[in-house]
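Enquirer: Got a structure here, written out as C-alpha cells. Questions coming.
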Amino acid sequence: MKEPYAPTAPSRSALKRQAHQVEEVVLGLLDLGGSQLERLQWDQPLRAELDLARKTRQHGARKRQIKHLSALLRRDSDALESARTVLEESTGAHRVQVQDFHQLEDLRERLCREQSRADALQEASQRYPTCDEALLERLARSYSETGDRRPYREIFRHLRTAAEKTPR
C-alpha cells in the first residue's frame, strides 16, 4: 500500500503567493509618510533600500527595487513583522479619520434638513460641547433657504473645529 503524498516544503505556488504578499507590504510602505516610517525598527541597510525604492521614479527600476527589497524582507522575518505592524497601525488610524469625517458629513446633512435639524442640533451639542448651536442653526437655515454652498461648507468647518477641540 502506497503512503499518501506529504509535501515537506511549500509548493512553488505557495512561495509565489507569499512573495506577492511581501511585495504588497513594500508597496504599502512606499505610500507611507516619513513620520510613519520612523516607527520602523529596521537596520541601516534595509532603511537605505527603502529610501532608494522611494526615490526611484522610473517604472522598471522601481519595480526591480521593490522586488529586491521584498527579497530582503523575506529573509528577515523581524523586519517584515515590523513593517506589517506599522502598516496596520497607519491604515487603522486612517480608517478612524475617514469614519470621523463621514460622521461629521452625516451630521451636517441632518442639520441642513428641516425635519431632522432639532435632533441634529441636540446631538451636535452633546457630542461637541464647544460648538455654537445658534451659529449652526443660523447657517443651516441659511443653506436651506438660499441653497448657497458657503453656509454648507461653513457648517462642516465649525463641526470639524469643535470635534478637534473635544477630547475622545
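Enquirer: What's the percent breakdown of Cα-Cα distances in the stretch 77-168 across 5 Å bins, shortest bin first?
Expert: Spelled out bin by bin, the stretch 77-168 gives 2, 14, 21, 20, 12, 8, 6, 5, 5, 4, 2, 1, 0 percent.
Enquirer: Specify the angular offset, from 0 to 90 degrees and rounded to the nearest 10, of the alpha carbon long axis of helix 59-75 from the longest principal axis of the alpha carbons in the chain.
Expert: 70 degrees
Enquirer: Mind pulling the angle between the C-alpha long axis of helix 44-55 and the longest principal axis of the chain? Nearest 10 degrees, somewhere in 0 to 90.
Expert: 60 degrees
Enquirer: Taking 0.36 nm per intervening residue step and subtracting the Cα-Cα distance, what contour gain separates Q18 from A61 on full extension?
Expert: Working: separation 43, 0.36 × 43 = 15.48 nm, distance 2.21 nm.
Here the segment from Q18 to A61 would lengthen by 13.3 nm.
Enquirer: Output the Kirkwood hydrodynamic radius of the stretch 2-61, Cα pairs only, in Å rounded to one decimal.
Expert: 14.3 Å
Enquirer: With +1 on each Lys and Arg Cβ and -1 on each Asp and Glu Cβ, how big is the dipole of the chain about its Cα centre, in debye rounded to the nearest 20?
Expert: 860 debye
Enquirer: Can you give the log10 of the normalised intensity I(q)/I(0) at q = 0.11, 0.16 Å⁻¹, computed with Debye over equal Cα scatterers of the chain?
Expert: -0.68, -0.87
Enquirer: If you fit an axis through the alpha-carbon atoms of helix 117-127 and take the longest principal axis of the Cα set of the chain, what angle between them do you get, 0 to 90°, nearest 10?
Expert: Computed tilt is about 60 degrees.
Enquirer: If you don't mind, there's one more thing I want to ask. Which aspartates and glutamates have a Cα less than 16 Å from the Cα of K63, not counting those fewer than 8 places away in the same chain?
Expert: Result set, ordered by chain and number: E23, E24, D31, E49, D51.
Enquirer: Compute the signed sum of charges (Lys and Arg +1, Asp and Glu -1) over the other residues within less than 10 Å, Cβ to Cβ, of L37.
Expert: Neighbour charge sum, excluding L37 itself: +1.
Each value in this text was obtained by applying a stated rule to the coordinates, not by laboratory testing. All figures in this text were calculated on a predicted structure; none of them were measured in a lab. Cβ: placed from backbone, ideal geometry, glycine included. Neighbour counts: every protein chain shown.
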